Ligand SMILES: [Zn+2]
């Protein structure tokens, strides 16, 4: 049975009260973990919120084991403004956990997310995207390789402090991993492209995670061959203007020195910057799939390093059975 919890965070000077919403669905098939799924910790990453809505519908009848706690919008004011950071105080919610009960607005929001949600879950999925302009496609490996694999992206990333890659302090998963809770950060979708294919993959990925956690008895998608990246630098454009990508599609290989994209002035039409791939044998993980307006210091690309990456084989097709 689905229940909705409304958690007041604070009143604004406008009189509006900002709240968090948790949808709780109790499985009727017996004992299992309490799986928490959060979306839109960054306000301009709504794809996870769409995915969570479909997960809520799919499991509404309780045909699973354990419990689901779904937080579709974790950063409501940033979500309304379609911004990565909070319009209230400029804070990045996913850098300030565990938060402070009497800090700046973003700190107290984090403290509320922690005390009402993160402190209770027994498995945790946090859904991010490439934001409203870039598109991304990978999954983090934090403390449960099987759970990360189950989500089903072809590329995974294992963060290590001494290597180039997106390694951050103060994230929501720092709260859950500190308690030993199996946790996965998903990075899938975003950009100025149809989100439907990403929403569909996100829903199937979460079902597979629930199958891995033995919450859902339906047949999992057979494991695909996957690659665990250890080096995954973010490349920032240093000039603003129109960014035109010349790189291949996400998941495709790209040679060192190849042009990723060009920033062109919308005023003079001159090329302001040519962005090149710094990785000898790279793979496209985040990219601008359409010509987009960018500011200096925006995320333009993420390139995985295939040299030294770990290959994980997929399921072998069984005789007489076709996947
Ligand atoms: Zn994010």
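What follows draws every value from the coordinates through simple rules; no lab data is involved. Since this is a predicted model, take the numbers as computed values, not measurements. Every residue, glycine as well, gets a Cβ built from its backbone with ideal geometry; the counts of neighbours run over all protein chains shown.
Of note:
- Computed [θ] at 222 nm, helices only, for the chain once each DSSP H run of length n ≥ 4 contributes -39500 (n - 2.57): -5000 deg cm²/dmol
- For the stretch 193-323, the Kirkwood radius over C-alpha pairs fed into Stokes-Einstein at 25 °C and 0.890 mPa s yields D = 142 µm² per second.
- Kirkwood-based Rg to Rh ratio, the stretch 38-152, C-alpha trace: 0.97
- Within the stretch 92-126: backbone nitrogen closer than 20 Å to the residue 221 label point (7 Å, Cα to C-beta): 124-126
- Rg then Dmax, both in Å and based on the Cα atoms of the stretch 234-308: 11.9, 43.
- For the chain, share of DSSP beta bridges that run antiparallel, in % to the nearest 5: 70
- P(r) of the chain over all Cα-Cα pairs, binned every 10 Å from zero, in whole percent: 6, 25, 33, 24, 10, 2, 0
- Listed peptides 165-173, 207-215, 119-127, 50-58 by packing density, highest first (mean Cβ within 10 Å): 119-127, 207-215, 50-58, 165-173
- Ordering of 174-185, 217-228 by packing [mean C-beta count within 10 Å, highest first]: 174-185, 217-228
- In the stretch 1-57, one over the average inverse separation of all distinct C-alpha pairs is 13.5 Å, which is the Kirkwood hydrodynamic radius.
- Using C-alpha pairs under 8 Å with a sequence gap of at least 6, the mean separation divided by the residue count of the stretch 5-110 gives a relative contact order of 26 percent.
- Only beta bridges with both residues in the stretch 122-260 are counted; by DSSP, about 30 percent of them are antiparallel.
- The stretch 118-188 and the stretch 255-309: distance between their alpha carbon centers, rounded to Å: 23
- Convex hull volume of the stretch 137-219 per residue (C-alpha atoms, cubic angstrom): 112
- Percent of C-alpha pairs per 5 Å bin, the stretch 203-261, short to long: 4, 12, 15, 15, 12, 11, 11, 10, 7, 3, 0
- The Cα trace of the stretch 112-262 gives Rg and Dmax of 16.6, 51 Å, the first to one decimal, the second as a whole number.
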